[in-house]
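All of the numbers you see were taken from the coordinates with simple rules; none came from a lab. Model, not experiment: these values are computed from the prediction. Methodologically, a virtual Cβ is constructed for each residue, glycine included, from the backbone with ideal geometry; neighbour enumeration extends over all protein chains shown.
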Amino acid sequence: MGKLIYSLSSTLDGYNSDARGDYSWAFPGEAVVAAITEDMANVTTHLYGRRMYETMAIWETDPSAAEESPVSADFAEFWKRSRKVVFSRTLENVWTERTRLEREFTPEAVERAKAETPGDLIIEGPTLAGTALLMGLVDIVELMIWPVTVGGGTRVFPDGLRAGFRLVRERRFEENGMVQVRYEPR
């Protein structure tokens, strides 16, 4: 059974987006996209909430995203061949291949997704992933920390989370000053 990886961009002050929902500060360069694609070699399933799914679906629905560079094309191919599980009570349907819609995010639904996938799973989006953290379902926390502060917005970690972590990897990106850190819960 694969590991559940919480992967998310973060500001230095711990936010995924600002108070208006803007995350344009997290636009990755070529080296970052290449590293993320490489890191996901064992990931076969993505778990999303509605908003993150709508954001990420462009990798399949908008050919111009893949046409930006060979690195973007590699990521788009990876995303298209991955399985996706979207948790939403409001989304009426999904429009990408290899995608299933689930109405409720429960430990049982996550365990079912783990049992069905041959590799690791990645959960993105602070709301859904925060719930998974609070439920104790996350095996790895991976943050891409950008050298900006926004002063408020959507927090990377949910209120009430009390957990310890052990650093297992860090990587620096000179092109933009970003640091990627990977932790395992203690």
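Points to keep in mind about this one:
- Counted by Cβ distance under 13 Å from ASP139, the other residues give a net charge of +1, where Lys and Arg count +1 and Asp and Glu count -1.
- Cut-off 13 Å between beta-carbons: net charge of the residues surrounding THR11, Lys and Arg +1, Asp and Glu -1: -2
- Relative contact order (%) - the chain, alpha-carbon pairs under 8 angstrom, separation at least six: 36
- Assigned charges on the beta-carbon of Lys, Arg, Asp, Glu; the chain dipole about Cα centre (debye): 700
- Rounded to the nearest 500, the 222 nm mean residue ellipticity of the chain from helices alone is -8000 deg cm²/dmol, with -39,500 (n - 2.57) taken per DSSP H run of at least 4 residues.
- A cut-off of 5 Å between modelled amide H atoms, ignoring neighbours fewer than 5 places along the same chain, links ILE122 with ILE5, THR45, HIS46, LEU47.
- Residue among VAL168, PHE27, ALA115 farthest towards the positive dipole end of the chain, charges placed on Cβ: ALA115
- Protection-proxy order for peptides 65-71, 40-46, 121-127, 90-96, each taking the mean of Cβ atoms within 10 Å per residue, highest first: 121-127, 40-46, 65-71, 90-96
- In this structure, the amide hydrogen of SER10, modeled 1.01 Å from its nitrogen in the peptide plane, lies closer than 5 angstrom to those of MET144, ILE145, TRP146, counting only residues at least 5 positions away or on a different chain.
- In terms of its C-alpha gyration tensor, segment 4-185 comes out rounded, because the ratio a/c of the largest to the smallest axis stays below 1.5.
- About the centre of its Cα atoms, segment 92-160 shows a dipole size close to 120 debye [charges on the beta carbon of Lys, Arg (+1) and Asp, Glu (-1) only; nearest 20 debye].
- Our note on the geometry: Cα centres of segment 15-59 and segment 126-160, 13 Å apart.
- The lysines whose alpha-carbon is closer than 18 Å to the alpha-carbon of LYS114, local same-chain residues fewer than 8 away aside, are LYS3, LYS84.
- Projecting the Cα atoms of GLY14, GLY49, MET135 onto the dipole axis of segment 4-185, where Lys and Arg carry +1 and Asp and Glu carry -1 at the beta carbon, places MET135 farthest toward the positive end.
- Beta bridges per DSSP with both ends in segment 4-185, % antiparallel, nearest 5: 40
- Per-residue 3J(HN,Hα) values for segment 32-49, derived from phi via the Karplus relation 6.51 cos²θ - 1.76 cosθ + 1.60 with θ = phi - 60°, read 5, 4, 4, 5, 5, 4, 4, 4, 8, 4, 9, 7, 10, 9, 10, 10, 10, x Hz in sequence order (x marks Gly and Pro).
- Nearest-20 debye value, segment 125-183 charge dipole, Cβ charges on Lys, Arg, Asp, Glu: 160
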